[in-house]
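Just below is one structure, and these are the notes that go with it.
The values are calculated or read from the model by the stated rules, or taken from the named source; none is laboratory data. Just so we're clear, the structure is a prediction, and the values are computed from it rather than from any experiment. Counting neighbours? That spans all protein chains shown, and the Cβs are built from the backbone with ideal geometry, glycine included.
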Amino acid sequence: MFFKVLVFVSLVLCLDAYKVLVLAPTPFRSLGVLGEAIVRHLVEAKHEVTFVTAFPKENTKNYRQIDVSDNALALSGNDDGASFTLAWVMENPQLMNDIRYLQDVAYIIANETFQNKHFLKLLQDPKEEFDVVISELYETELYAALAALYKCPLVWSYSMGAHWMALRLVAEATNPAFAADYLSPEVPPFDFYGRLNKLWLQIQWSYIKWADTLPKEKATYERLLKPIFENRGLSLPSYDDVMYNASLILANDYKGNGLMPSTPQNFQFIGGYHVETPPKPLPENIQEILDTAKHGFIYFSMGSIWQSKDIPVNIVNGLLKVFGELKETVIWKYEDVLPNLPKNVHILKWAPQPSILAHPKCLFFITHGGHLSSIETVHFGVPTIGIPIFFDQFININKAVANGYATKVDLTYNLHNDLKIAINNMLANSTFKERAKELSQLYHDRVVPPGKELVHWVEHVVRTRGAPHLRSPALMLPWYQKMYLDVAAIIISVVATAFILFIRLFSRNSRKVNMEKKHN
Ligand SMILES: *[C@@H]1O[C@H](CO)[C@@H](O)[C@H](O)[C@H]1NC(C)=O
């Protein structure tokens, strides 16, 4: 009897364990962090995970790892990639957020991923089966092919919020007149120029995608995936069918962030799932510095891509002078040695950020405003001074400013002086802290924590075989029907015909009248 129960229980457990393929092949640290978090939650929920990652780990006994770390090499050959430092950005601010460059990078990485020998080994094994594919969505849809290959549902993991570029894949692009865009800094409502600019960005992005990137992606799809499909005895479906077939998008944003356009049923906000709760304990030496900070501490980090050591030396000296004049302790993530440190300034080569932000003595955070850092500050209710550099950081910080818990400082050669003003403002003004705490409460006020929600939605998609009930009917008709252009065409032709008939009739009648007049 006991044995029977045991068999039954293990059967039930087995039935509930799904085979999940998680893809995070882009060698950007923040995307890697999100991928690892997805794996962590799925493994905790006892699912069987295969993780394709650009940042492989040493020991992974709970899941299978496919190492695509070679993808980083594909980018290092790129000149822009090699010189991507803070000093370079300060000289070339106008070159940032180049749409073509963003799409190119994503395409190059996808192209590389599908030729990676470890990944190919998985794809070429006809015995591999998956219940669901979860792939990061970063400027390319090529990974959607995997759901077609394994005949299972596709879930996109999107690193940002309700952006039209993602929404177009499961419903339709949002109206640019009122939706913020990671490619530009303005927060809605937009003025005339702002609206024009958002429309122009959407047109530009779509044009470059359609004219340049999509043909390249289709060629790669035909060239690299056809043999893989044939190997499994399948014929290659059309790229359009694959590209718009996702069951769900899991977006890394939270509703409290505000200023969002409305979203379809299969677009879920689970922002914050990458933050481990409770945060890991701090290393002893850091714990001691933070605990003994009599006047509290300020945490300063420019993230993982942008290293503080690349800040020009006279600005570093200026910053040290500004920090040295404070009575508060300063924790600076700086990746090199710094001589002549003031007593209250501490350098960390590596910083366990969430655990530092979680410390009760943390006064505020000086940050580049990356999306993960922005979510962490709200998670722990810490106000911020933002120094945006690239991509979505401008809009993230402007949103934080609009939400009342942040101020912004520009990255210029005057950084130390501007930062001094901002620091004094932050220290003198308690409203930033109060607002950060308020927003943090709002962020945590959810039905379940975001990691639980993530697991629920993935399981829901598998249980319902792709959640067809959540699909938007907007995908069922072509764009001209959505815009009623066919109706407009009918109306215009009816009116035009009537008009022409009327003119003809009128001119014939008037000719008749004229003739009659002549005869008389
Ligand atoms: C579309 O998604 C469904 C599940 O949602 C899957 O079974 C099917 O194979 C997918 N088709 C293509 C062409 O991607």
Where residues in the range 242-271 are in a helix (DSSP H, G or I) and modelled with pLDDT of 95 or more, which of them is nearest to the chain's Cα centre (by Cα)? 243
Tell me, which residue of the range 147-181 that is in contact with a strand residue (DSSP E or B) (Cβ under 6 Å, 6 or more places away or on another chain) and of a type in the set (Phe, Trp, Tyr) is surrounded by the most Cβ atoms within 10 Å (Cβ to Cβ)? 156
Looking only at residues in the range 461-477 that are modelled with pLDDT of 95 or more and part of a loop (DSSP other than H, G, I, E, B), which one is surrounded by the fewest Cβ atoms within 10 Å (Cβ to Cβ)? 465
Over the range 234-261, the set of residues touching a residue at least 60 places away in the same chain (Cβ under 8 Å) and away from the ligand (no atom under 11 Å from the Cβ) is 249, 250, 251, 252, 253, 254, 256, 257, 258, 259, 260, 261
Taking first residues from the range 463-481 that are over 30 Å from residue 16 (Cβ atoms) and second residues anywhere that are assigned to a helix (DSSP H, G or I) and more than 10 Å from the ligand (Cβ to nearest atom), the pairs with Cβ under 9 Å that are 6 or more apart or on different chains are 474/170; 474/482; 475/169; 475/170; 479/485; 480/486; 480/489; 481/487
Every pair of residues 6+ apart whose Cβ atoms lie under 7 Å, when the first sits in the range 130-147 and is among the polar types (S, T, N, Q) while the second is within 12 Å of the ligand (Cβ to nearest atom) and outside any strand (DSSP E or B): 135/143; 135/146
Among 184, 238, which is the only one that is surrounded by 12 or more Cβ atoms within 10 Å (Cβ to Cβ), small (Gly, Ala, Ser) and out of contact with any Asp or Glu (no Cβ under 9 Å at 6 or more places or on another chain)? 184
Within the range 120-139, the residues that are buried (at least 21 other Cβ atoms within 10 Å of the Cβ) and more than 16 Å from the ligand (Cβ to nearest atom) are 136, 138
Taking into account only those residues within the range 147-178 that are of a type outside the set (Gly, Ala, Ser) and assigned to a strand (DSSP E or B), which is farthest from the ligand (Cβ to nearest atom)? 158
